[in-house]
Amino acid sequence: MNLMGSNKELLLVHRGMEHVSLNHSVNVMLTPQFYTMKREELPIKYLYQARKIAPSLFDGLLDEQESYEYFIFKEEEHWVFIAYNPEEIREFLNTKGISAEHLSKVFFVQQAQQAFVQPVVLGDKEVLMTIDGVVVLIPKAALSPEHPTAFFDESFTPRSGVNLPGNSTALISRKEAIVLAIIFSIFAAIFFIEGWQYSRGLKVQEKEMQELLEAYPALQSKMQRESISLKYKTIDDKERKKRETIKTLAAMIFKGVTLTTYHMDEKHFKVTFACSSAKTAQKVEALAKKSNFKVTRSKGSNIVVIEGSV
């Protein structure tokens with residue numbers, strides 16, 4: 001249950017639900033109709049271990065032609081593994097009026113299994129109910145007319161959920177975010193090393209200039225000072241241009257693009273990108289030409305070589 005007291009509307013999504021009209025953001029909770037679940041007592045302690053074995057637990061249970069994500073959590077002594085198809089869920093939500101624009105978090109009924117001890121009615125024929133620790137759909141006729149039922153509302157909201165790829169609150173997927181984070185971390189390290197080297201070199205030059213001024217006072221004239229200032233400004237401009245070039249190249253690394261080689265010296269740079277498709281290679285080529293870089297790409301090849309001066 002959500003102890004944070006979220007006041008965002010929570011919709012229970014099932015195959016027979018009515019179409020809804022929304023002008024605000026909502027959370028949704030999916031019935032077992034939209035996922036495959038395994039509840040296992042396993043000798044593992046950590047979530048990262050569970051993530052590694054998740055795909056193997058569903059061998060033979062899922063359509064190999066579809067793409068699945070896995071949501072995993074702990075229930076006392078059991079690990080709960082939920083396999084779901086984000087694209088299938090997103091398409092169904094769209095048919096019911098829940099667009100990506102209005103979709104916030106997605107939850108699964110198994111996360112709130114304690115709240116389904118009393119059945120929750122779904123239409124005229126089915127109810128959701130926890131049996132042996134698992135939330136399942138059962139015929140409404142299996143219950144007596146006097147059997148108490150629960151009212152579904154925001155109090156069923158669990159602590160954590162998932163974001164479907166493509167919803168308006170997530171511009172990129174989690175995997176893409178991780179890849180971009182790694183790439184930008186590499187470039188950040190490059191910036192740090194170059195900045196440190198530049199700073200150290202600048203201090204040495206400043207010391208040498210000070211010793212020179214002390215030895216030759218005439219150099220302290222306005223003309224000489226301006227000349228020296230211009231020299232250091234040129235160095236700073238050159239380093240700034242290097243950083244801007246690296247930033248421009250980093251923007252060309254997106255889904256389907258891999259940086260394979262990189263070289264930059266005082267006057268020139270050269271990078272090689274391996275693209276997953278011709279369309280992706282064309283996009284990289286267009287970005288490079290827009291920045292007035294020299295682009296080399298063999299006919300029929302998805303390898304893009306970019307060169308330029310710094």
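How many residues, within segment 142-180, are modelled with pLDDT of 75 or more, surrounded by fewer than 13 Cβ atoms within 10 Å (Cβ to Cβ), among the small types (Gly, Ala, Ser) and over 21 Å from Ile82 (Cβ atoms)?
Going through segment 142-180 one residue at a time, the tally reaches 2.
Show the residue pairs meeting these rules: Cβ distance below 8 Å; 6+ apart or different chains; first residue within segment 193-222 and exposed (fewer than 10 other Cβ atoms within 10 Å of the Cβ); second residue modelled with pLDDT under 65 and in a helix (DSSP H, G or I).
Hits for this filter: Ala218/Gln224.
Take the conditions of a type in the set (D, E, K, R), more than 27 Å from Val20 (Cβ to Cβ) and over 23 Å from the mean Cα position of the chain (by Cα) and apply them to Glu76. Does it pass?
On the way: of a type in the set (D, E, K, R): yes; more than 27 Å from Val20 (Cβ to Cβ): yes; over 23 Å from the mean Cα position of the chain (by Cα): yes.
Here the answer is yes, as Glu76 does meet what is asked.
Those residues that are assigned to a helix (DSSP H, G or I), of a type in the set (S, T, N, Q) and modelled with pLDDT under 70, I need them from segment 181-237; list them, please.
Of segment 181-237, the ones assigned to a helix (DSSP H, G or I) are 181-215, 217-220, 222-237.
Narrowing further to those that are of a type in the set (S, T, N, Q): 185, 197, 199, 205, 210, 220, 224, 227, 229, 234.
Scanning segment 181-237 gives Gln220, Gln224, Ser227, Ser229, Thr234.
Look through Glu77, Glu69 and report the one residue that is in contact with an Asp or Glu (Cβ under 7 Å, 6 or more places away or on another chain) and among the acidic types (Asp, Glu).
Going through Glu77, Glu69 in turn, the sole match is Glu77.
Return the residues of segment 130-141 that are surrounded by 13 or more Cβ atoms within 10 Å (Cβ to Cβ), under 19 Å from Phe81 (Cα atoms) and of a type in the set (A, V, I, L, M, F, W, C); say none if nothing qualifies.
Across segment 130-141, the qualifying residues are Val134, Val135, Val136, Leu137.
Of (1) surrounded by 11 or more Cβ atoms within 10 Å (Cβ to Cβ); (2) under 17 Å from Pro32 (Cα atoms), Ala50 satisfies all except one. Which?
Of everything listed in (1) surrounded by 11 or more Cβ atoms within 10 Å (Cβ to Cβ); (2) under 17 Å from Pro32 (Cα atoms), Ala50 misses just condition (2).
Condition (residue is under 23 Å from Ile190 (Cα atoms), in contact (Cβ under 8 Å) with a residue 24 or more places away in the chain, assigned to a strand (DSSP E or B) and more than 25 Å from the chain's Cα centre (by Cα)) applied to segment 291-299: is it met by at least one residue?
no
Just checking, which of Ile82, Ile44 is among the β-branched types (Val, Ile, Thr) and buried (at least 18 other Cβ atoms within 10 Å of the Cβ)? Steps first, answer last, please.
Values: Ile44 fails: buried (at least 18 other Cβ atoms within 10 Å of the Cβ).
Checking each option against the conditions leaves just Ile82.
The values are calculated or read from the model by the stated rules, or taken from the named source; none is laboratory data. All values derive from a computational prediction rather than experimental measurement. All Cβ positions, even for glycine, are placed from backbone atoms using ideal geometry, and neighbour counts span all protein chains on display.
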